[in-house]
Amino acid sequence: MTGASAIGDGIVQIAVPMSHNPLGSTLVYAMESPSGLILVDAGWDDAEGWEGLTSGLESIGHSVSDVEGVVLTHFHPDHTGLCGRVREASGAWIAMHEADHTMFEKMSSGHNREWMDDQLANLARAGAPEADRIAFEKAAQGGPPAGPESAPDRVLTDDETIALTGRDLRVVFTPGHTPGHACFYLEDADVMFTGDHVLQKTTPHVGNFVYPLEERDALAEFMESLRRVQKMDVTRGLGAHGVPITDVSGRTAELLDHHEERLDDLYRSFEGNEFTVWQVAAIMKWYRPWADISPIGKGMALSEAAAHLRHLVARGQIAQVPGTEPARFALN
């Protein structure tokens, strides 16, 4: 999917390419504002992405210099990457929920030796074998995917409104996929820009990244955010990837059921067993066999496994086994 298209209700969808990723593109949305255009997200920062965004705007009679502001659903680089170039070309403000500001700073700070040592120690606490830690180190080399020049300069709060031409865009705080994920509700059209919170064909990633357990219960946040959106009974959802969501409430129900099923499956796997966080990831079902997943892919799967484990601990169904290192978990 490439190019720009008017999709009704005064919304233009621009598919910003992301050829390195199986998702293919990030869907950026543009709407008229009192001083030009407001964008929802910006896309991945490379030459192909920049060409996709600028040519998409030109095809609807605008230039990137017309952008007044960019509202970001969350801090991931396929959403924030081009913000620096947009701001340089237009003077636009860049806005993100406060809870993701710190996450962006960590992402954009660069991959140095200290960062890598922290990552390897974290993997060891999860129970990752030495060979997998070495493979991760080799795969994770390189600079940050979004630089500090893309940093947001405006903080968004729940229920805040952003002025468009003759209407408003409302911030709906939906933590889970990230701590500060936000959706944006176009009230006059009953349309919600769902970012990576609700996608029609993809199950959004939900992860805890500190092992063996961190205080944040990411899955609880995500499920509560799904229930919030479900209650809003939105007519149409526009995600950052894939096709429009024609039944937002129905799709949120499917996602909730999906995670309850995964939690039930994981809980049953513990009968008569003790597992490290790494072993939890290895026994869960993924898009391909565990042995065939890339080192970076295993890192993402590990964080999602940790989120499900963390939630079972919060429910009192699973407990950490005292005195084990790396930490092991068992039925409570």
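The values are calculated or read from the model by the stated rules, or taken from the named source; none is laboratory data. As the structure is a computational prediction, the values presented were derived from the model and not from experiment. Glycine also receives a Cβ, built like all others from the backbone with ideal geometry; neighbour counts cover every protein chain displayed.
Some points to look at:
- Val86 passes every criterion in (1) at pLDDT 95 or above; (2) surrounded by fewer than 18 Cβ atoms within 10 Å (Cβ to Cβ); (3) of a type in the set (A, V, I, L, M) apart from (2).
- Residues in the range 195-225 that are acidic (Asp, Glu) and part of a helix (DSSP H, G or I) were compared, and the one that is farthest from Ile318 (Cα to Cα) is Glu224.
- Counting only helices (runs of 4 or more DSSP H) wholly contained in the range 1-105, the ones carrying 2 or more residues that are over 18 Å from the mean Cα position of the chain (by Cα) and at negative phi occupy 47-59, 83-90.
- Boolean, Ala319 is without any contact (Cβ under 8 Å) to a residue 24 or more places away in the chain, of a type in the set (A, V, I, L, M), under 21 Å from Phe209 (Cα atoms) and touching a helix residue (DSSP H, G or I) at 6+ places or on another chain (Cβ under 9 Å): yes
- The range 274-311, residues that are touching a strand residue (DSSP E or B) at 6+ places or on another chain (Cβ under 7 Å) and not hydrophobic (A, V, I, L, M, F, W, C): Glu274
- Screening Glu221, Glu271 for residues that are touching a residue at least 12 places away in the same chain (Cβ under 8 Å) and within 20 Å of the chain's Cα centre (by Cα) leaves exactly one candidate, Glu221.
- Residue in the range 169-177 that is more than 21 Å from Ala253 (Cα to Cα), under 20 Å from the mean Cα position of the chain (by Cα) and either touching a residue at least 40 places away in the same chain (Cβ under 8 Å) or assigned to a helix (DSSP H, G or I) (or both) present: yes
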